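Worksheet: the structure to be examined is printed underneath.
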Amino acid sequence: MRRTSLLATALMLAGGAIIAAPAHAQEVGVTDTTVRIGQLGALTGPGYLYGKIIMDGAEIIYQEVNKAGGIHGRKIETVRQDDRCDPATAIAAAKKLIFDDKVFMIHGGGCTNASVGAFPEIKAANIPWVIFASVGDSLTSPPSPHIFTTALSASIESVSQLEFALQKGAKRIAVISQRDAWGRSRYQPLMEAFKQKGITPVADEEIIGEANDATPQALRLQAAKADAVLMVIYPKAAAAFLRDAHKIGYKPIAIGQTALGDLPVLTKQVGVPEAMSNMFAISHVRYMPEDAEMAQWRKLFSEYFPRETMSLYHILGIASAKVVVEVLQRAGKDLTRESFRAQMAKLTNFDTGIYPGPITCTEQDHQCHKSAAWVALVDGKIKTVAATTVGR
Amino acid sequence: MLGYLITSGLALGALYALVAIGIVIVFKSTGAINLAQGELFMLGGFFAFMFHVQMGYPYIPSLLLAVVASFFIGALTYQFAFRPLMKAGLVSVLLASIAVSFLLKGVARNIWGGVGDYIPFPPMITASAINLNGFIVLPQQLVAFGASIALMLLIVAYFKFTRSGKWLQAIADNVKAATLVGIRVGALHRLAFALGAASAGAAAVLMAPLTLLYPDIGFNLFIKAFAAAVLGGLHSIAGAVIGGLIVGLVEALVAGYVGSKFQDVSAFVVIMLVLVFIPRGIMGGKAMRKV
Amino acid sequence: MKWLISNKGFLCILFAVFGVLPTFANSYLLYVSNLALLFIILAIGLNLLIGYAGQLAFANAAMFGIGAYAAALLQVRLGVPYWVALPAGGVIASLIGTLMAWPALRLSGIYLALATLAFAQFTLWLFMHWEDLTFGATGFAVPRLSFAPLPVTPEQGIYFLSWIITIGLTLFAWNLVRSRVGRAFVAMRDNEVAAASLGINLLRYKVFAFALSGFYAGIAGGLHCGLLNYVAPESFDLFQMVIHKSMVIVGGVGSVVGSVIGAALLVATLELLREFKSLQEIAFGAILLIFILFMPLGLVSFLKRVLPGWEEEVHLPDARTAPAVEAADELRPVGERSP
């Protein structure tokens, strides 16, 4: 399914169009035998990790559901549209899904700015949108009737980072962040959290996500005598920072967020295992790709993608698609956008087996994923050391 | 603090210098800028990853194979993308090289994009930091630094002492005269693009343990390396190395003393100033425009 | 009938099609067509600078961004109405464009390209870091336009506004390149020294070319913020620059009609390539390469060959037919540059 040939896609679309045509007043994108889901996100460019790769994970669930006969007799069809991580293109992609592909719902949203760009369009169309990766709070707070997220929102992560530092007894807390859209949507709520607690960060350093070297940043943080560093950065910059901090003999409590959740992989990226001794991160999943508990998924994954390696991004897709499938199931035989919305808003304590905590949405709160599991490496094995659940 | 900033600036600069060398090799001999030079670096790294990690070949042969493979990719891109355009003008070659960079990125993303986000590559020697007289350095950075100097000397020697190197120099100086004395200019242009790609491949295998591998690594590296090459005068291999080291040092010192938010932009500010005030680059060299 | 296959006829037909499009297009097609109109403005503006005046600048995406940020910030920060903010954005981009003429007086070819590229990266950095002014990397929303009392939806309103402005700017460029100014640009492009000896004031014309190109990009930026109701740095990065360059070269360097065709074609191609999903990058690279390889002088020179009615102006630089004057560096065969 993954690399459907162009011809097959065309046939599928044509077939879909013919089937979708019949007279009975059915919801857009739904027939007696199919339900069409639009996958929105970056398929090309650097954002593909938060788009294509997550979609690949979701595809496993959708294909497995189809193998088992579908949901209420309906097979899931997916249509992908590329937002190239750019707002203008994201609007085109959303419009294409809504008006041309006529999908029932959208499952996607990677790069935050692209999602923010497409947001008014999707909101106005009253089409269900389950966000799988975009963390910007403005997308789901205040809630729009049809828009939900299974991603840990930026503010939840940022508040957790600060709280964790305080729990660890840190007295002089500093921040190192990248200030692209991803970083800033986390940095801002983090600074608000600082203000609320009446704390001033002792240093506030910046680095680019693709940095090859972080010695200046490490030296400045060391000079500021920071005993804990909150890291709002990508794995590459984090690897450079941990390595260079170790190099200059600086050993703060390093506190990451979900982008740094795969500690075993991060260790390899750092290249210096000792540099990881005081590193903690939030994981948005309960198990890492290489854990024994994930064996069944690894097996399935290798059937669908024999040449690739299952990563956290794939797992996120699996977990998010599980939520979508569950809600489609609950929405029943007479599937409409309204029934999907209503069931999604009622989803309570749904355990995906993958996210650290249960998924709960309410009419007032569409940020359905709230549990941040703190992980660290203990004797080279990843261990959950604490869990913070943030209420609102 | 200054000591660490200087060493890390030099290590960063060695990375830019290694990529800049490839840009200069191509420009020096053909007058073209290959904007896909960063993607050739990326591909070289992934080749090494494929041979060593995915196919399990031993370390050194894998690295050599990666350089050889890069060489052929360079020759191939010349043959199919640049050769017909060498007479059409710089703008066409620039755009063609952009097209090639999209192609290479797309191919790499579809082959290796599903393996991980920033793919680690095992270092040549032990990963752990070593203590040199109270000063801690990473062995891989030393290796990379030494290797970039060695690579530079190798290429300078190539241009000075080998026949094809001298010919490359000759066509750079006067393509018409070179044609008249029977030098096959097309073949030499191909060689220049191939050598440029091979040096990008060599840079990648040296640097991959530090830079990590991902399909989009090329652009950011290219733009800093391009700045370095222009700083060095675009015609000189040694100039490219010095230019690279300067860009690296500026980034480290600005980040350390002025503020880390200025790190990424400092190179561009320097390049704007240099171009406006010393347009021939620090290694001087030839007039960039004779009228 | 002959008129129909001429370049003038083609322009009229194309803009007529754009004009009636809202009557049948769905929201997606309307939006993409609107983007195409914006890109036509961008391509023409860039072509005036590269193709006519011969300045190999790489800052068009930054100018586009400056126009968008200026128009949007004037509305959001100062409450200026869109009707004022839009032209003001154009003027601001134009003024900043003028600044760039300064390095262009000393640099040409690849060196000018790098200087302007560095300027573009610096601008992008400012969009992301001057948070007190620009709201930083996360961008900001701009109020939705209202076209009351006109009987159009906001979507149709911004579309028709873009349509009218695009036609106006196309006509302006069309006439400009056939005027004294256009000829001065071309003379300057082909040989600066010769141009100067003919009494052409290089400083004045370079500044004018940069200012004009900046204005076009700035107006397109203002329309972009009106279309998206959202401004963020990603919209103005180097990928955009690549798109603008591709439109100019695919259409034809030194041809206004070429830029119109190139822009419309490239937007259409990017949308059609959606079917390639994650292979889009490869397909885009391949198509771009094929265009450059088989039509190195652009689509218009091809059309000129096959359509007898196509009267292209003499502004196409052609290395093969114009050896009498020494071409500027960037337009000379790369292998043959004097050291």
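Taking other residues whose beta carbon is less than 14 angstrom from the beta carbon of A:K75, and scoring Lys, Arg as +1 and Asp, Glu as -1, yields -1. For chain A, the Kirkwood estimate of the hydrodynamic radius, built from every pair of different alpha carbons, is 21.5 Å.
Here the 3J(HN,Hα) profile of the stretch C:146-153, calculated from phi with Karplus coefficients 6.51, -1.76 and 1.60 at θ = phi - 60°, is 10, 9, 4, x, 5, x, 10, 6 Hz, Gly and Pro shown as x. Database remark: amide H of A:D204 closer than 5 angstrom to the amide H of A:V175 (H placed geometrically; neighbours at sequence offset of 5 or more, or on other chains; Pro and chain starts carry no H).
Restricting the stretch C:134-183 to trypsin sites (Lys or Arg not before Pro) that sit in a DSSP loop and have at most 12 other Cβ atoms within 10 Å of their own Cβ leaves C:R144. Which helices of chain C meet both criteria: a Cα extent of 18 Å or more along the helical axis and a mean Kyte-Doolittle score no lower than -1.0, with helices taken as whole DSSP H segments? Helix filter hits for chain C: C:7-20, C:27-47, C:60-78, C:82-106, C:109-129, C:154-177, C:202-228, C:238-251, C:256-272, C:280-294. Spatially, the stretch C:1-26 and the stretch C:133-150 are offset by 31 Å when compared through their Cα centroids. Dipole check for the protein assembly as shown: with +1 at the C-beta of Lys and Arg, -1 at the C-beta of Asp and Glu, and the Cα centre as origin, the magnitude is about 1740 Debye. Under a 5 Å amide H cut-off, with hydrogens placed 1.01 Å from N, B:R280 pairs with nothing among residues at least 5 apart or on other chains.
The magnitude of the dipole of chain A, with charges of +1 and -1 set on the Cβ of Lys/Arg and Asp/Glu and taken from the Cα centre, is near 280 debye.
For chain B, list the DSSP H helices whose alpha carbon atoms reach 30 Å or more along the long axis and whose average Kyte-Doolittle value is 0.5 or above? The answer, listed by residue number, is B:2-30, B:90-112, B:139-161, B:185-211.
Which of rounded, prolate, oblate describes the stretch C:1-124, given a ≥ b ≥ c as roots of the alpha-carbon gyration tensor eigenvalues and a/c under 1.5 marking rounded, otherwise prolate only if a/b is larger than b/c? Don't skip to the end; give the middle numbers.
Numbers: a/c = 2.53, a/b = 1.30, b/c = 1.95.
The shape class here is oblate.
Please build a GNM for chain A, connecting alpha carbons under 10 Å apart, and tell me which residue among A:R179, A:R220, A:R74 fluctuates the most. Of A:R179, A:R220, A:R74, the most mobile in the Gaussian network model is A:R220.
Dipole of the stretch B:2-277, Cα-centred, from +1 at each Lys and Arg C-beta and -1 at each Asp and Glu C-beta, to the nearest 20 debye?
In total the dipole reaches around 840 debye.
Taken over the stretch B:2-277, the convex hull of the Cα atoms encloses 137 Å³ per residue.
In chain A, the DSSP-assigned H stretches of four residues or longer account for a calculated mean residue ellipticity at 222 nm of -12500 deg cm²/dmol, using -39500 (n - 2.57) per stretch and the full residue count as denominator.
Going by C-beta contacts inside 10 Å, put B:K261, C:K206 in order with the fewest on the left.
Details: B:K261 19, C:K206 23.
Sorted ascending by nearby Cβ count, the order is B:K261, C:K206.
In degrees between 0 and 90, to the nearest 10, how far off the longest principal axis of chain A does helix A:295-304 point, with axes built from Cα atoms? The answer is roughly 60 degrees. Between 0 and 90 degrees, the angle of helix A:312-331 with respect to the longest Cα principal axis of chain A falls at about 40 degrees. Cys residues of the protein assembly as shown that find no other Cys beta carbon under 4.7 Å: C:C12, C:C225. When the helices of chain B are scored as -39500 (n - 2.57) per DSSP H run of n ≥ 4 and the total is divided over every residue, the value at 222 nm lands at -23000 deg cm²/dmol. Ordering A:P142, C:Q156, C:S33 by Cα displacement along the dipole of the protein assembly as shown toward the positive end leaves C:S33 in first place; charges were set at the Cβ atoms of Lys, Arg (+1) and Asp, Glu (-1). Counting only alpha carbon atoms, the long axis of helix A:337-346 and the longest principal axis of chain A meet at about 40°. Across C:V80, C:V253, C:V20, mean-square fluctuation computed from a Gaussian network of chain C (C-alpha pairs under 10 Å connected) peaks at C:V20.
Calculated mean residue ellipticity, 222 nm, chain C: -22000 deg cm²/dmol, from DSSP H runs (n ≥ 4) at -39500 (n - 2.57) each, averaged per residue and rounded to 500. By the rule of a C-alpha distance below 20 Å, with chain neighbours fewer than 8 residues away ignored, the lysines paired with A:K123 are A:K95, A:K96, A:K102, A:K346.
With a simple spin-label model that places each label point 7 Å from the Cα along the Cα-to-Cβ direction, the separation between B:V181 and A:A386 comes to 7.4 nm.
Evaluating 6.51 cos²θ - 1.76 cosθ + 1.60 at θ = phi - 60° for every residue in the stretch C:229-237, the Karplus couplings come out as 6, 7, 10, 8, x, 3, 6, 10, 8 Hz, glycine and proline recorded as x. Annotation: the residues A:C368, C:C12, sorted from fewest to most other C-beta atoms within 10 Å of their own C-beta, follow the order C:C12, A:C368.
Restricting attention to the protein assembly as shown, close to 40% of DSSP beta bridges with both partner residues there are antiparallel. Would you be so kind as to identify which of A:P87, A:Q196, A:V159 lies farthest towards the positive end of the dipole of the stretch A:76-204, taking Lys and Arg as +1 and Asp and Glu as -1 on Cβ and the Cα centre as origin? Selected residue: A:Q196.
Close amide-amide hydrogen proximity is noted between A:I253 and A:A228, A:V229, each under 5 Å apart and 5 or more residues distant or on a separate chain (H modeled in the peptide plane; Pro and chain starts excluded).
Using 1/(1 + (r/R0)^6) with R0 = 60 angstrom and r between the beta carbons of A:L300 and C:W3, what's the FRET efficiency to the nearest 0.05? Could the numbers behind the result be given before it?
Working: r = 64 Å, r/R0 = 1.06.
Efficiency at R0 = 60 Å is approximately 0.40.
Going by C-beta contacts inside 10 Å, put B:H52, A:H284 in order with the fewest on the left. Before the final figure, lay out the partial values.
Numbers: B:H52 22, A:H284 25.
Fewest to most other Cβ atoms nearby, the residues stand as B:H52, A:H284.
Seen from C:I243, the other residues with C-beta closer than 14 Å to its C-beta sum to a net charge of -3, counting Lys and Arg as +1 and Asp and Glu as -1. With each label modelled as a point 7 angstrom along the Cα→C-beta vector, the C:A268-B:S128 pair spans 6.5 nm.
Rounded, prolate or oblate: which fits the protein assembly as shown, taking a ≥ b ≥ c as square roots of the Cα gyration tensor eigenvalues, rounded meaning a/c under 1.5, else prolate when a/b beats b/c? Oblate, since a/c reaches 1.5 and b/c is not below a/b. With a threshold of 23 Å on the Cα-Cα distance, the over-threshold entries among A:K75/A:K333; A:K225/A:K370; A:K168/A:K383 are A:K225/A:K370. Counting only residues at least eight positions apart within a chain, or on another chain, the aspartates and glutamates with an alpha carbon under 14 Å from that of C:K206 are C:D190, C:E192. For chain B, a Gaussian network of Cα nodes joined below 10 Å ranks B:T211, B:T162, B:T30 by mean-square fluctuation, and the top entry is B:T162.
Only the coordinates and a few stated rules stand behind these numbers; no lab work does. Keep in mind it's a predicted model, so treat the numbers as computed, not measured. As a convention, Cβ positions derive from the backbone with ideal geometry for all residues, glycine included, and neighbour counts pool all protein chains shown.
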